[in-house]
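Beneath this line is the structure, given in structure tokens, with notes to follow.
Every number here is computed from the coordinates shown, using simple stated rules; none is lab data. None of these values were measured; they are calculated from a predicted model.
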Amino acid sequence: MTPTPFAQRLTERSLTLGTRLCLGLDPRLDAYESRDALRQHTLAVLDGCAPYAACVKPQFAFYEALGLWGMQLLEDLCAAARSLDLPIILDGKRGDIGSTAAAYAQAWLMGDHAGDALTVNPFLGAETLTPFVEAAQANGGAVFVLVKTSNPGQADFQGEGVSERVAQVVARLGQDEVERSGSELSSVGAVVGATHPQELAQWRAAMPHALLLLPGLGAQGAKAADLAAAFLPDGTGAVVSASRGIQYAHALDVDAAGAAAKSFRDELNAALKL
Ligand SMILES: O=c1ccn([C@@H]2O[C@H](COP(=O)(O)O)[C@@H](O)[C@H]2O)c(=O)[nH]1
């Protein structure tokens, strides 16, 4: 059976629940008394925030930092997300020469531990994205290519037309698929920082069929009210992620995390006049 494409699954959930929020889950050991407390809290935040989330985005670094135990937590978290019907974006920012990229794609988009989607780093060249795109397209998954990251230092390397070049590659890689399938969104998405609100219209226009992942809401200072230009006219086509601003909204209070997620959801909907 052909798997339902990631963008379609995410869009359906987004429209059904009325949310454009991506729940970031980046558990920090120094916030907890024990590893068990970290695990219990992270899974509880997932549960409590799921009704307000279109998808979930665990960032590998925080799980890798906890060793094999952390990778098991990541796997358990993904299993819990699946049971809640939450599409999973693994934020691994993988990228390497083609043959190694193929191994990454096997691991994170096809294997037993796979998520639904993976963030990928295009620095090694357009051809190194192909194994990720092929794996995503074959499995109903997606890739999110780093186009314009949210951090202030991104300009060091991403300025001088580099982000524009990457955006062209993203648009090209997704083009055949949308022509073939007739769907509006391809499986080749892009990461564009929510911290660049004045550029969002430009990136939206440059990649008309890309699902955009916008990190930076909350802790990095981005405001939901400034992000409407990232979306397609019907209010689909983008999700906005917040991690610390939800998981640690008020100490380790799970209810406060749920309230923060709800409030981000409402602010994004208000920005879109929904
Ligand atoms: O450009 C990027 C790409 C990825 N990220 C990741 O998103 C979250 C942001 O966390 P907050 O706590 O909401 O600031 C984190 O996992 C980053 O690695 C990003 O911030 N910017």
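Going down the list 223/262; 148/273; 93/223; 148/223; 57/273, which pairs span over 19 Å between their C-alpha atoms? Mind dumping the intermediate values first?
Working: 223/262 15 Å; 148/273 26 Å; 93/223 24 Å; 148/223 17 Å; 57/273 25 Å.
Pairs exceeding the cut-off: 148/273; 93/223; 57/273.
Multiplying the sequence separation of residue 179 and residue 202 by 0.36 nm and subtracting their Cα-Cα distance, what value in nm do you get? Present the calculation step by step, with values, prior to reporting the outcome.
Values: separation 23, 0.36 × 23 = 8.28 nm, distance 2.24 nm.
That works out to 6.0 nm of additional length.
Cα atoms only, region 126-274: Rg and Dmax in Å?
16.0, 48
Quick one: which residues, 5 or more positions from residue 191 or on another chain, have an amide H under 5 Å from its amide H? H modelled 1.01 Å from N in the peptide plane, none for Pro or chain starts.
145, 146, 147, 148, 213
So what's the back-of-envelope 222 nm ellipticity for the chain, counting only DSSP H runs of four-plus at -39500 (n - 2.57) apiece and dividing by all residues, rounded to 500?
That calculation yields -13000 deg cm²/dmol at 222 nm.
Give the Cα extents of region 61-204 along the principal axes, in whole Å, largest first.
Principal-axis extents of region 61-204 (Cα, largest first): 42, 38, 32 Å.
How high is the relative contact order of the chain? Use alpha-carbon pairs under 8 Å, at least six apart in sequence, and give a whole percent. Present the calculation step by step, with values, prior to reporting the outcome.
Values: 529 pairs, mean separation 58.1, N = 274.
Averaging sequence separation for qualifying contacts and normalising by length gives 21 percent for the chain.
Skipping prolines and chain starts, which residues have an amide H placed within reach, meaning under 5 Å, of the one on residue 19, given they are 5 or more residues away or on another chain?
Under 5 Å from the amide H of residue 19 lies no amide H from a residue far enough along the sequence or on another chain.
For region 57-125, what is the per residue volume of the convex hull drawn over the alpha-carbon atoms, in cubic angstrom? Mind dumping the intermediate values first?
On the way: hull volume 5.7 nm³, N = 69.
That works out to 83 Å³ per residue.
I'd like the Kirkwood hydrodynamic radius of the chain, using the inverse of the mean 1/r over distinct C-alpha pairs, in Å. All intermediate terms of the calculation are to be shown ahead of the outcome.
Values: mean 1/r = 0.0543 Å⁻¹.
One over the average 1/r among Cα pairs gives 18.4 Å for the chain.
Between residue 242 and residues 5 or more places away or on another chain, which pairs have amide H atoms under 5 Å apart, with H built 1.01 Å from N, and which residues are they?
Amide H neighbours of residue 242, under 5 Å, 5+ apart: 22, 24.
What are the ³J(HN,Hα) values, in whole Hz, obtained from phi via the Karplus relation 6.51 cos²θ - 1.76 cosθ + 1.60 with θ = phi - 60°, for each residue of region 177-184 in sequence order, with x given for Gly and Pro?
4, 5, 5, 5, 8, x, 7, 6
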